[in-house]
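Structure record follows, encoded as structure tokens.
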Amino acid sequence: MAPLRISFLIRSVYDLLPSNANLVRWGKKDDPMCPLCQGRQTTEHVLSSCKVPLSQGRYTWRHNRVLQELASVISTAKGEIHPSSTSSTVFTTEGGVKKWHGGSITINTHRKGLLDGCDDWVVSADLPEWERHPDVIRKTALRPGIVIHSASTQQIIMVELTVPYESRMEEAHVSKEGKYLDLTKELKKGWLRSSGNASRDWRQRICGFFSLWSSKQSLHRWQ
């Protein structure tokens, strides 16, 4: 990550960015108002609350860029293989001269992940350039950010992303869980069927509805 981005990230966490509200507090400016909407321009206001960038789709663009990155990582992870590897034990003298070759030892590099167990996972995302969600999801009014499904094991993993301001992380997390609660219950019970001649019951294995704060931890589970 570029140094300027790291600096921006750190300063935003500690509310040290030069918002108009901060500039007034630091004695650098007299007017704390936002030039776009005339609301008080705090860091939170700029990053997540100003109605002008909201109406212009700027926050949606940011959300979709994060979603694109997550979908790409998951799509790559579903094709990864974690085999066991074999390594020879080699002893050397202090001068670096090879002294003795020991027997081979097996190092297990496999880590159990959510995508283990089948090889026909299909990743779809609520983005124009990505494959559409399966019919069992599209027939509802809901559009999870990412859906990973396997026809052979009849499993669906839904991933929903939200990019809230730091003080609203828990609130946003609870809101997303509530939004998809009924759908997850119906998928678990097999009440929803995919459209087509050969209807199929689906059950859901929940990966989690996660905010940006927990996305890094969640991504480790794919690998």
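The values are calculated or read from the model by the stated rules, or taken from the named source; none is laboratory data. No experiment lies behind these values; they were computed from the predicted model shown. Don't worry about glycine lacking a Cβ; one is built from the backbone with ideal geometry, like all the others, and counts go over all protein chains shown.
Considering the stretch 122-158 alone, what residues qualify as being among the β-branched types (Val, Ile, Thr) and in contact with a helix residue (DSSP H, G or I) (Cβ under 7 Å, 6 or more places away or on another chain)? Scanning the stretch 122-158 gives 123, 140, 146, 147, 148, 156. Within the stretch 34-64, the residues that satisfy the criterion of being among the aliphatic types (A, V, I, L, M) and surrounded by 14 or more Cβ atoms within 10 Å (Cβ to Cβ) are 36, 46, 47.
Scan the stretch 123-147 for residues that are in contact with a Leu (Cβ under 7 Å, 6 or more places away or on another chain), within 16 Å of residue 68 (Cβ to Cβ) and outside any loop (DSSP other than H, G, I, E, B) and the total you get is 2. Scanning the stretch 136-161 for residues that are surrounded by fewer than 22 Cβ atoms within 10 Å (Cβ to Cβ) and farther than 19 Å from residue 179 by Cα turns up 150, 151, 152, 153, 154, 155. Within the option set 120, 182, being in a loop (DSSP other than H, G, I, E, B) and either modelled with pLDDT of 85 or more or closer than 22 Å to residue 78 by Cα (or both) holds for one residue only, 120.
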